[in-house]
Amino acid sequence: MKLPIYASTGQKVWYYSFRVICGLIFFFLIAPILIIIPLSFNATDFFTFTPEMLRLQPEGYSLKHYQDFFTNSDWQNAMRNSLKIAPVATLIAVVLGTIAAIGLSQSHVPFRRAIMATLISPMIVPLIISATGMYFFYARLGNYMVGTIGMNADVVEYIKIVLAHAALGIPFVIITVTATLVSFDRSLTRAAASMGAGPVRTFFKVQMPLIIPGVISGGLFAFITSFDEVVVVMFVGSAKNKTLPWQMFTGLREQISPTILAVATILVVLSVILLVTLELLRRRSERLRGLSPG
């Protein structure tokens, strides 16, 4: 929005002051991340800028920390565990969260607000409390699955982590899909039903194409939540299922390895890509709902 030529002095002062304030807030939020990126290319095994780095000399920079991440078995095992857990947890969260959002969007559902508050409670309750509750719940479930059913202990550990991460991701899916359903035209589903389409066919042919941006957005949030989560997996999982954030936490606690900075930079790049994708999906959703010009 441009400043009109007839703006008063007070409006001009607020116009430029507002931009300065927004710039300072942005710098306050982004500065810690910007420091990590150049430090990940440090040629030494320290978490500080060396004189060579400050003078921008080539010998002050190196890719050895990235090389260590891609060649170290501990880091690669943690990466594989994260990539095995996050997609499955995301899929479960998307399916259950979408079903819950569609159900709660119906006006005839009783106690909708109470149910919604309960379903999104993992976002509100402190994570350490959720992790403690999940520990006791999944400990009993795991003992039953291993002792009574006879399932493999490693498989049970994997299932427990996936379910715990899915529970953390479901609220994000519910919120994004519910926001998409607010402007959904219910007459479209009634028109499809009047033409003989069943509920399942109506959902996949009429409703799903219009709410898919919200579903994908919720899925991306659920994936980020699962991929970055460390507290719950430490309570529910074991050392065999150590994820990438858990390995980073271990590296900070037991050995100060600059490889953590390289991993953090990779995760920042991944997060930026996902955020750009979310913004593109948001704009597409607005165009589909007629809230913005095509």
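Shape annotation for region 145-203: C-alpha extents along the principal axes are 52, 26, 13 Å, from largest to smallest. Of the DSSP H helices in the chain, those with a Cα length along their own long axis of 30 Å or more and a mean Kyte-Doolittle hydropathy reaching -0.5 comprise 9-39, 73-104, 153-181, 259-288.
The distance separating the Cα centre of region 36-89 from that of region 212-256 comes to 18 Å. Shown for K242, K205: other C-beta atoms within 10 Å of each C-beta, ranked fewest to most, produce the order K205, K242. If R0 is taken as 41 Å, the Cβ-Cβ distance between Y144 and V182 corresponds to a FRET efficiency of 0.50. Overall, the anisotropy analysis places region 85-141 in the oblate class: the square-rooted eigenvalues a ≥ b ≥ c of its C-alpha gyration tensor yield a/c not less than 1.5, with a/b not exceeding b/c.
Projected label points at Y135 and Q11, each 7 Å from Cα along the beta carbon direction, are separated by 5.9 nanometres.
Given their separation in residues at 0.36 nm each and the Cα-Cα distance between them, I256 and T277 gain 4.2 nm when the chain is fully extended.
Remark: T148, T178 ranked as T148, T178, counting other beta-carbon atoms within 10 Å and listing the fewest first.
Spin-label model, F111 to L24: label points 7 Å out along the Cα-to-beta-carbon direction sit 4.9 nm apart. Considering only C-alpha atoms, what is the centroid distance from region 262-278 to region 100-140, in Å? Result: 28 Å between the Cα centres. Pairs with C-alpha atoms separated by more than 24 Å, drawn from the list K160/K242; K84/K205; K64/K160, are K84/K205; K64/K160.
Using alpha carbon coordinates only, what is the Rg to Rh ratio of region 73-288, with Rh defined as the Kirkwood radius? Checking Rg against Rh, the ratio lands at 1.03.
Coordinate-derived values only; no laboratory data. Nothing here was measured: the structure is a model prediction, and the numbers come from that model. With ideal geometry, Cβ positions are generated from the backbone for all residues, glycine too; neighbour counts draw on all protein chains shown.
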